[in-house]
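Okay, so here's the structure we're looking at.
The values are calculated or read from the model by the stated rules, or taken from the named source; none is laboratory data. Small disclaimer: the values here were computed from a predicted structure and weren't measured. Positions of Cβ are backbone-derived with ideal geometry, glycine not excepted, and every protein chain shown enters the neighbour counts. These accessible areas exclude ligands, DNA and RNA; they are computed on the full protein's heavy atoms, side chains included. Shrake-Rupley method; radii C 1.70, N 1.55, O 1.52, S 1.80 Å.
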Amino acid sequence: MLLSDVTKGIEGRLLKEGTFQTLEYCTGSLEVPFLTFMGNPKFVDKMSPFASCVLCTEKLADRLPPSVKGVFITEFPKESFHKIHNGLSKDDAYRLPTTPNKIGEGCVISKRASIAANSVEIGDRVIIEDNVTIYDHVTIGNDCVIRSGAVIGGKAFTFAGTNDNRILGMEDLGRVVIGDRVEVFSLTHIAKGILPTDTTDIKDDAKIDALVQIGHGSVIGERTLIAEGAVIAGNVHIGADAWVGVNATVSNRIRIGDHARVSLGSVVTKDVAEGQTVTGNFAIEHSQFLQHLKDMIHLH
């Protein structure tokens, strides 16, 4: 696609022409040329070398890396990105293909469950209980259990403020992939990815308790346990064999390493290293948190 084609009708000016294959966030791991936006200078040094076209402000244009070929100057980069994505959402070449549903052998699916008419793939021996809702572009592996009231592939929460003081959302064009032997408990919501390249990915043997929110594009590693009421924001990556405690909150784009532990009620705003345990609001290393408590008790 040409940058000049997709920016027609967008407020701004074309500084340099460029081409791209799809849309992606600037720090994304996609390895094909993509269009992105840049509104915050802190992400300039973290930009993927595959970002071939960028929507950005005048001030940031000179700071873009040489790998960027196409530049469109706009005062509203995020809003423009949303508008381009929503416009392309009607293009079959951009969105994911529609496919017939596939249901494996030995499944037990409640008649009261709601499953999209297309683009759902369910493996063998899957149990889907009453009042489960499964939207399109969801894949569920073998031997999974989806308990009553869970929503798989629901609406993602992504918005941008506009220059005319409105709020602009994005069409959900990604997918959810759930591995083998995963259990999702009652009233949990797993949001669909937004961009066609976005996948919300629940790896093999993960167990997701009741009333959990998992945001768009997040990855939950193998055998990881997410306890009741936890909130996992968008684009979080949690490694294998990790634990997220009751009512913990993990902010967007956080990385939590293998075997890490997030204590109950913690609010995680920074990456958690492999094997580390964090506690508190805002969460810090567990032993440091305990020492802080002892110091506070001593002072009083």
Restricting to bridges with both residues inside region 1-64, how much of the DSSP beta-bridge set is antiparallel, in percent to the nearest 5? 10 percent
N165 and E17 label points (each 7 Å along its Cα→Cβ direction) are spaced in nm at 4.0 nm
What list of ³J(HN,Hα) values in whole Hz, one per residue of region 206-220 in order, does the Karplus curve 6.51 cos²θ - 1.76 cosθ + 1.60 (θ = phi - 60°) give from phi, with Gly and Pro shown as x? 5, 10, 10, 6, 5, 6, 9, 10, 10, x, 4, x, 7, 10, 10
Consider the candidate values (i) 19.4; (ii) 15.9; (iii) 17.9; state which one is mean projected area of the Cα convex hull in nm² computed from the structure displayed. (iii)
Quick one: which of 73-85, 53-65 comes out on top by average Cβ neighbours within 10 Å, and what's the full order, highest first? 73-85, 53-65
Using the heavy atoms of the protein chains alone and a 1.4 angstrom probe, what is the accessible area of the chain per residue in square angstrom? 49 Å²
Summing -39500 (n - 2.57) over the DSSP H runs of n ≥ 4 in the chain and dividing by its residue number, what mean residue ellipticity at 222 nm do you reach, to the nearest 500 deg cm²/dmol? -3000 deg cm²/dmol
Nothing charged except the Cβ atoms of Lys and Arg (+1) and of Asp and Glu (-1): what's the magnitude of the dipole of the chain about its Cα centre? Round to the nearest 20 debye. 560 debye
Give me the tail of P(r) for region 80-136 as a percent: Cα-Cα pairs with distance above 17 Å. 52 percent
So which of K8/K90; K8/K155; K46/K270; K90/K155 end up more than 21 Å apart by C-alpha? K8/K155
Normalised contact order of region 144-300, rounded percent, pairs of Cα under 8 Å and 6 or more residues apart: 13 percent
Report the Stokes-Einstein translational diffusion coefficient (µm² s⁻¹, integer) for region 168-300, Rh taken as the Kirkwood radius over Cα pairs, at 37 °C with viscosity 0.692 mPa s. 220 µm²/s
Using a cut-off of under 19 Å, list every residue of region 131-171 whose amide N is near the label point 7 Å from the Cα of A210 along the Cα-to-beta-carbon line. 131-133, 145-152
With a ≥ b ≥ c from the Cα gyration tensor eigenvalues, square-rooted, and the rule rounded for a/c under 1.5, otherwise prolate when a/b > b/c and oblate otherwise, region 1-58 is oblate
Assigned charges on the beta-carbon of Lys, Arg, Asp, Glu; region 31-168 dipole about Cα centre (debye): 260 debye
Write down the Å³ per residue value for the convex hull defined by the alpha carbon atoms of region 163-246. 100 Å³
Sum of side-chain charges, Q276 neighbourhood, beta-carbon under 12 Å (Lys, Arg +1; Asp, Glu -1): -1
Apply the Karplus parameterisation 6.51 cos²θ - 1.76 cosθ + 1.60, with θ equal to phi minus 60°, to every residue of region 189-195 and state each ³J(HN,Hα) to the nearest whole Hz, in sequence, with x for glycine and proline. 10, 10, 6, 6, x, 9, 6
So, with a 1.4 angstrom probe, what is the percent of accessible area on region 200-276 that is carbon and sulfur? 48 percent
Restricting to Cα atoms and excluding each atom paired with itself, what does the Kirkwood estimate give for region 97-183 in Å? 14.0 Å
Quick one: length gained pulling K59 to D91 fully straight, 0.36 nm per residue minus the C-alpha distance? 8.3 nm
Listed by chain and number, the residues whose amide H is under 5 Å from that of G239, excluding neighbours fewer than 5 places away on the same chain and using placed H, are G221, I256, G257, D258
Given points 7 Å out from each Cα along the Cα-Cβ axis, report the V246 to I109 separation in nanometres with one decimal. 3.5 nm
